1. Under the condition of being among the charged types (D, E, K, R) and in contact with a Phe, Trp or Tyr (Cβ under 7 Å, 6 or more places away or on another chain), which residue from segment 41-82 is modelled with the lowest pLDDT?
2. Please list, ordered by first then second residue, the pairs with beta carbon atoms under 7 Å, 6 or more apart or interchain, first in segment 1-14 and over 19 Å from residue 147 (Cα atoms), second assigned to a loop (DSSP other than H, G, I, E, B) and of a type in the set (A, V, I, L, M).
3. Identify all residues within segment 1-41 that are over 17 Å from residue 116 (Cα atoms) and assigned to a loop (DSSP other than H, G, I, E, B); write none if there are none.
4. Could you list, ordered by first residue, the pairs with Cβ atoms under 7 Å in which the first is in segment 23-38 and without any contact (Cβ under 8 Å) to a residue 24 or more places away in the chain and the second is surrounded by fewer than 13 Cβ atoms within 10 Å (Cβ to Cβ) and assigned to a loop (DSSP other than H, G, I, E, B), at least 6 apart or interchain?
5. Taking segment 42-65 as the region of interest, how many residues are basic (Lys, Arg) and part of a loop (DSSP other than H, G, I, E, B)?
6. When segment 124-137 is examined, which residues are found to be of a type in the set (Ser, Thr, Tyr) and touching a residue at least 60 places away in the same chain (Cβ under 8 Å)?
7. Can you say whether residue 68 is touching a Lys or Arg at 6+ places or on another chain (Cβ under 9 Å), assigned to a strand (DSSP E or B), among the polar types (S, T, N, Q) and more than 16 Å from residue 139 (Cβ to Cβ), as far as the supplied structure shows?
8. Could you list all residues from segment 1-56 that are of a type in the set (S, T, N, Q) and either in contact with a strand residue (DSSP E or B) (Cβ under 8 Å, 6 or more places away or on another chain) or surrounded by 16 or more Cβ atoms within 10 Å (Cβ to Cβ) (or both)?
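The values are calculated or read from the model by the stated rules, or taken from the named source; none is laboratory data. On a predicted model such as this, the values are computed, not experimentally measured, just so you know. Cβ coordinates were reconstructed from backbone atoms using ideal geometry, including for glycine residues, and neighbour counts include every protein chain displayed.
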Amino acid sequence: MKIIYHCYGGSHSSVTAAAIHLGMLPETRLPCKRELLSLPYYDAQVKEDHGRIRFMGYDEKGRQIYISSKNNLGESYERIMRQLLSVISKEPAPAVAFVNTMPYVNVWMMLGGFLSRRWGWNHLGRTIIIAGTRQSYYRFVHLVEQLKKNNF
């Protein structure tokens, strides 16, 4: 089983959810700035990274956890990925769960990500994105809990 957390740019919400899933971030308290910035790929993706699938680690059940960005593909992303898997896979239905983290992104995360990743205003953008991530943090925790509860 593989789990792919995906979002617009693959820099913030998907990284945060995957890190919670892997135990790299706590479930019971808000992470500090240092914890978020120390995560692999957090606020580090660039335009050329869009569409890449990056391995984050193995969870407690041995499932492979990945992150990905989908740019403007929106809901089409999962459909495209599933069809691609069915074309190239020897298995009838490869065991892959696609988890969209975009519904949990708030306006501060979008603004901070835009300032940091698009305009290169890293200090201001990161300050805003970290505040936004912390504001939505327990929503990401809940998403991961629901996923694990449903045996994915």
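1. Taking the candidates together, the pick is 78.
2. Every condition considered, the pairs that remain are 11/44.
3. 1, 22, 23, 24, 25, 26, 27, 28, 29, 30, 31, 32
4. Hits for this filter: zero, empty list.
5. Total satisfying the criteria: 3.
6. Result: 133, 136, 137.
7. yes
8. Within segment 1-56, 11, 13, 14, 16, 45 meet the criteria.
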